[in-house]
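So that we are looking at the same thing, I have put the structure below in structure tokens.
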Amino acid sequence: MLRKTFFALALMLSALLSIGPALAVQPDEILKDPALEARAREISKVLRCPVCQGENIDDSNAEVSRDLRLLVRERLQAGDTNSQVIDYITARYGEYVLFEPEKRGANLLLWYLGPGVLIVALIGGFFYVRSRRSASEGPAQPDLSEDERKRLNELMGE
């Protein structure tokens, strides 16, 4: 009985949590022109909510996200292109609002440092494994000359 109740509560909670992002864009925000609304949604998917950090402004319920959604729609109605709208919002809020910052300046460090460190780590790992393998085999034993072999046999008592 308790197990069924827990399962039902978990199911209801997951259903309620999944509805949250779907309700982020309010009906009064939606533009009458479907083409402009589609462009606004496209732009909203690449802009990060400054408060929520992991959500785009289209999915966020934060007030600042609502303001940004309205600003995007306002700029589109004024005749701006998608890139002009993104540039305008980036100029006001900084590159932090972009999910994919531009690949220039200090951002190059962010874009290429991760893969660079991965490559260096893989190379270092390769050489580490290689050195461990040769160390486990032990040093190579040189062949004994005929005189050394005779002397060894004498010492061994053979």
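I need the full set of residues from the stretch 83-116 which are within 21 Å of ARG73 (Cα to Cα) and among the hydrophobic types (A, V, I, L, M, F, W, C), in order please.
VAL85, ILE86, ILE89, ALA91, VAL97, LEU98, PHE99
May I pose another question? On the given criteria, is GLU95 under 19 Å from ARG48 (Cβ atoms), acidic (Asp, Glu) and open to solvent by 100 Å² or more (accessible area, probe 1.4 Å)?
Considered against the rule, which asks whether it is under 19 Å from ARG48 (Cβ atoms), acidic (Asp, Glu) and open to solvent by 100 Å² or more (accessible area, probe 1.4 Å), GLU95 comes out as no.
Then there is this: Select, from GLU100, GLU55, GLU74, the only residue that is under 30 Å from LYS32 (Cα atoms), of a type outside the set (Val, Ile, Thr), open to solvent by 70 Å² or more (accessible area, probe 1.4 Å) and touching a residue at least 12 places away in the same chain (Cβ under 8 Å).
Unique residue meeting the criteria: GLU100.
In addition: Please state which of the following conditions LEU110 fails to meet, knowing it meets all the rest: (1) assigned to a helix (DSSP H, G or I); (2) at positive phi; (3) not polar (S, T, N, Q).
With (1) assigned to a helix (DSSP H, G or I); (2) at positive phi; (3) not polar (S, T, N, Q) applied to LEU110, the lone miss is (2).
Is it true that ARG69 is at pLDDT 85 or above and part of a helix (DSSP H, G or I)?
yes
Looking only at the stretch 97-137, count how many residues are of a type in the set (Val, Ile, Thr) and in contact with a helix residue (DSSP H, G or I) (Cβ under 8 Å, 6 or more places away or on another chain).
1
Taking the stretch 58-70, which residues are open to solvent by 20 Å² or more (accessible area, probe 1.4 Å) and either in contact with a Gly (Cβ under 8 Å, 6 or more places away or on another chain) or among the acidic types (Asp, Glu) (or both)?
Answer for the stretch 58-70, where residues must be open to solvent by 20 Å² or more (accessible area, probe 1.4 Å) and either in contact with a Gly (Cβ under 8 Å, 6 or more places away or on another chain) or among the acidic types (Asp, Glu) (or both): ASP59, ASN61, GLU63, ASP67.
Among the numbered criteria (1) part of a helix (DSSP H, G or I); (2) of a type outside the set (A, V, I, L, M); (3) out of contact with any strand residue (DSSP E or B) (no Cβ under 9 Å at 6 or more places or on another chain), which single criterion is violated by GLY79?
With respect to (1) part of a helix (DSSP H, G or I); (2) of a type outside the set (A, V, I, L, M); (3) out of contact with any strand residue (DSSP E or B) (no Cβ under 9 Å at 6 or more places or on another chain), GLY79 is out only on (1).
The values are calculated or read from the model by the stated rules, or taken from the named source; none is laboratory data. Quick caveat: nothing in here was measured; it's all calculated off a predicted structure. Cβ atoms come from the backbone with ideal geometry, glycine included; neighbour counts cover every protein chain shown. Each accessible area value is taken on the protein alone, full model and side chains, heavy atoms only, with ligands, DNA and RNA left out. Shrake-Rupley method; radii C 1.70, N 1.55, O 1.52, S 1.80 Å.
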